[in-house]
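Here's the structure we're looking at; comments come further down.
No lab work stands behind these numbers, since they all come straight from the coordinates. Just so you know, these numbers come straight off a predicted model, no measurement behind them. Cβ coordinates were reconstructed from backbone atoms using ideal geometry, including for glycine residues, and neighbour counts include every protein chain displayed.
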Amino acid sequence: MKLKNKVAVVTGGANGIGRALCRRFAAEGARGVVVADLDTKRAEQIASEIGGIAVTTDVSVEADIVNLVERTVATYGAIDLLCSNAGIGTPGGADEPNEIWQRIGEVNLMAHVYAARAVLPGMLGRGEGYLLHTASAAGLLTQIGSAPYSVTKHAVVAFAEWLAITHGDAGIKVSCLCPQGVNTDLLRQSEGGPGEFLRAGALEPEDVADAVVKGLEKESFLILPHPEVKEYIRRKATDYDRWLRGMRRLQASLNSPSS
Ligand SMILES: NC(=O)c1ccc[n+]([C@@H]2O[C@H](COP(=O)([O-])OP(=O)(O)OC[C@H]3O[C@@H](n4cnc5c(N)ncnc54)[C@H](O)[C@@H]3O)[C@@H](O)[C@H]2O)c1
């Protein structure tokens with residue numbers, strides 16, 4: 001799919017990867033770009049910069065997603081591309097409080113379910129539509145030091161796969177964006193935390209937007225802005241136990257005082 005004359009909605013569009021997607025989609029000639037975010041002020045700034053609209057949205061609240069879809073359809077007539085991109089991180093393991101697991105589950109997973117539920121009837125009715133899900137390389141591999149992030153991102157990859165299999169023959173395209181480190185506030189906030197080691201090879205959000213535009217043009221399911229992730233998945237699939245040993249070694253090296 002090319003973005004020219006299309007209508008795209010981007011959640012988490014006020015900052016980081018989402019903001020780069022909004023700017024790039026506008027530059028590609030989209031006829032409507034909707035910046036959906038909790039942060040109204042920043043969303044409005046980006047929308048006015050690119051000539052789109054801002055819709056204040058908490059993606060973890062289904063009524064907000066329904067409102068987002070209704071506002072977009074009322075303004076532009078239809079949604080060609082819905083990018084479920086907003087996401088949060090947290091360190092920790094199984095002993096993190098239920099509230100933390102539930103919150104990250106709502107933002108990183110249920111928001112994708114709410115969005116698909118809200119747009120699919122219209123897209124299936126038209127026989128076309130595109131869903132882009134921002135997961136993470138942590139959804140294919142695993143985020144050292146964060147069980148809630150790893151689990152929710154794996155779940156998004158699974159949901160995107162299921163959508164592609166179930167609705168692909170009805171004209172619905174699905175892509176799953178799985179970057180490693182990207183130089184955004186989310187990564188910067190991980191200083192001293194589990195994601196810090198990813199800062200070394202981090203891409204800029206604009207590089208990710210470039211990979212997305214190319215991936216959407218090819219209609220590839222997996223969009224991997226860091227090409228090495230493909231090799232990591234291959235190694236994992238080829239010998240799971242060896243891969244787990246390697247991940248333990250990586251974890252130990254990150255925890256050692258000399259690292
Ligand atoms: N930065 C990375 O290294 C990296 C790597 C892989 C995947 N990702 C994923 O990319 C996506 C975007 O992350 P980013 O790095 O651009 O983060 P970011 O923190 O820079 O931007 C996230 C945006 O989402 C918004 N947001 C957060 N919770 C929201 C909610 N409940 N409702 C609506 N908006 C909300 C924030 O206000 C912010 O504008 C996330 O899903 C993240 O997990 C990021």
So for R0 = 22 Å, FRET eff. of Arg235-Ile165 from the Cβ-Cβ r, to 0.05, ends up at 0.35
In sequence order, calculated HN-Hα J values of region 204-209 (Karplus, 6.51, -1.76, 1.60; Hz; x Gly/Pro): 7, x, 5, 5, 5, 4
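If you take every residue apart from Arg42 with its C-beta less than 14 Å away from the C-beta of Arg42, what net charge results, scoring Lys and Arg +1 and Asp and Glu -1?
On the way: positive: Arg19, Arg23, Lys41; negative: Asp37, Asp39, Glu44, Glu49, Asp185.
Here the count lands on -2.
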Any idea what angle helix 62-76 forms with the longest principal axis of the chain, computed on alpha-carbon atoms, 0 to 90 degrees, nearest 10? 40 degrees
Mean separation of Cα contacts under 8 Å (6+ apart) over length of the chain, as relative contact order %: 17 percent
Degrees separating the helix 16-27 axis from the principal Cα axis of the chain, which is the longest one: 40 degrees
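Quick check: from the Cα gyration tensor, does region 179-259 come out rounded (a/c under 1.5), prolate or oblate?
Values: a/c = 3.51, a/b = 1.26, b/c = 2.80.
Because a/c hits 1.5 or more and a/b fails to exceed b/c, region 179-259 counts as oblate.
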Which listed pairs, of Lys41/Lys236; Lys4/Lys236; Lys6/Lys236; Lys173/Lys230, have C-alpha distances above 32 Å, in listed order: Lys41/Lys236; Lys4/Lys236; Lys6/Lys236
Amide H neighbours of Gln180 under 5 Å, counting only residues 5+ apart in sequence or on other chains, H built in-plane at 1.01 Å? Ala137, His226
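Over all distinct Cα pairs, what is the inverse of the mean 1/r for region 106-189, reported as the Kirkwood hydrodynamic radius in Å?
13.5 Å is the Kirkwood radius here.
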May I ask you to derive the relative contact order of region 183-259, considering only C-alpha pairs under 8 Å and at least 6 residues apart, and to give it as an integer percent? 18 percent
Which far-off residues, 5 or more places away or on another chain, put their amide H under 5 Å from the one on Ser146, with H placed in the peptide plane? Gly92
Structure-based [θ]222 nm, the chain - -39500 (n - 2.57) summed over DSSP H runs of at least 4, per residue, nearest 500: -15500 deg cm²/dmol
Go through region 118-132 residue by residue and turn each phi into a ³J(HN,Hα) via Karplus (6.51, -1.76, 1.60, θ = phi - 60°); whole Hz please, and just put x for glycine and proline. 6, 9, 4, x, x, 5, 5, x, 8, x, 7, x, 10, 10, 10
For Val174, what residues show an amide H to amide H distance below 5 Å, using hydrogens built from the backbone and excluding near sequence neighbours? Leu131
